[in-house]
Amino acid sequence: MNTESTHIPAREGASFELRAGDRIQVISPQGHQVADMFAFNAANPAEYLSARHTLASSTRHLYPRQGQVFLTLQRAPILKFVEDGAREQHEMLLAACDPARYRLLGVQGYHASCAENLKKTMAARGITVTEIPQPLNLFSSTRADEQGNVITHPNSTQPGDYATFEALMDCIVVISACPFDVETQFPVNVGGPHPIDVKIARAA
Ligand SMILES: [Zn+2]
């Protein structure tokens, strides 16, 4: 297989065009770092991976797990989670961080965010994103407890943890190395933000 590697610096994002059958491996080289993942139908970017449609019609599960198939808004298969090298430390509960989140947390002035990373990297492809989909939050230790409270535990993912997905349609996948660094209440990226590495293996 033909493999391409990309290094995403801390706080930044990148996008990848995949053909059906290609695989994308998302790697946390230093650990303790969330990667927000989004996927769009390459032929119609208004159709994107929908965590809620996936939950209803495919996985019936709150969290991304190896073997699951993820669906778009039209309930068409777009990605399969083929290999989990991060001991199930993933979720799709929390919205992508955005400028409003940082303002609410008291940050003054500009702060990079996953929502803006998504918009920027898609704009570079000539695609305007007006609505931020629910991301797959890879390498995240946020969990719902038995009472339904959503708790962000200190990020326990380790250096070299990875998650590999296979494209089930031609799609554009966006990965954001989450810039979150307001750690007192929400230890999302412990000691970070850190970079993320991506490897693409082409099917043919
Ligand atoms: Zn983020």
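The values are calculated or read from the model by the stated rules, or taken from the named source; none is laboratory data. Note that the structure is predicted; figures quoted are calculated from it, not measured. So basically every Cβ, Gly included, is an ideal-geometry build from the backbone, and we count neighbours across all protein chains shown. These accessible areas exclude ligands, DNA and RNA; they are computed on the full protein's heavy atoms, side chains included. Shrake-Rupley method; radii C 1.70, N 1.55, O 1.52, S 1.80 Å.
Structure notes:
- Among the residues examined, Ile200 does not qualify as open to solvent by less than 50 Å² (accessible area, probe 1.4 Å), of a type in the set (A, V, I, L, M, F, W, C), within 12 Å of the ligand (Cβ to nearest atom) and not in a loop (DSSP other than H, G, I, E, B).
- For the range 24-68, the candidate set comprises residues that are of a type in the set (A, V, I, L, M) and assigned to a strand (DSSP E or B); within that set, the residue that is surrounded by the fewest Cβ atoms within 10 Å (Cβ to Cβ) is Ala46.
- A single member of Thr152, Thr184 is without any contact (Cβ under 8 Å) to a residue 60 or more places away in the chain and out of contact with any Phe, Trp or Tyr (no Cβ under 7 Å at 6 or more places or on another chain), and it is Thr184.
- Residue in the range 115-134 that is farthest from Val190 (Cα to Cα), counting only those that are among the hydrophobic types (A, V, I, L, M, F, W, C) and in a loop (DSSP other than H, G, I, E, B): Ile127
- Residue in the range 135-154 that is open to solvent by 60 Å² or more (accessible area, probe 1.4 Å) and in a strand (DSSP E or B) present: yes
- Criterion (touching a His at 6+ places or on another chain (Cβ under 9 Å), on the phi < 0 side of the Ramachandran plot, in contact (Cβ under 8 Å) with a residue 60 or more places away in the chain and exposed (fewer than 15 other Cβ atoms within 10 Å of the Cβ)) met by exactly one of Pro179, Pro159: Pro159
- Those residues of the range 134-160 which are of a type outside the set (Ser, Thr, Tyr) and within 14 Å of the chain's Cα centre (by Cα), in sequence order: Gln134, Pro135, Leu136, Asn137, Leu138, Phe139
- The set of residues in the range 140-167 being under 16 Å from Pro64 (Cα atoms) and away from the ligand (no atom under 16 Å from the Cβ) consists of Arg143, Ala144, Asp161, Tyr162, Ala163, Thr164, Phe165, Glu166, Ala167.
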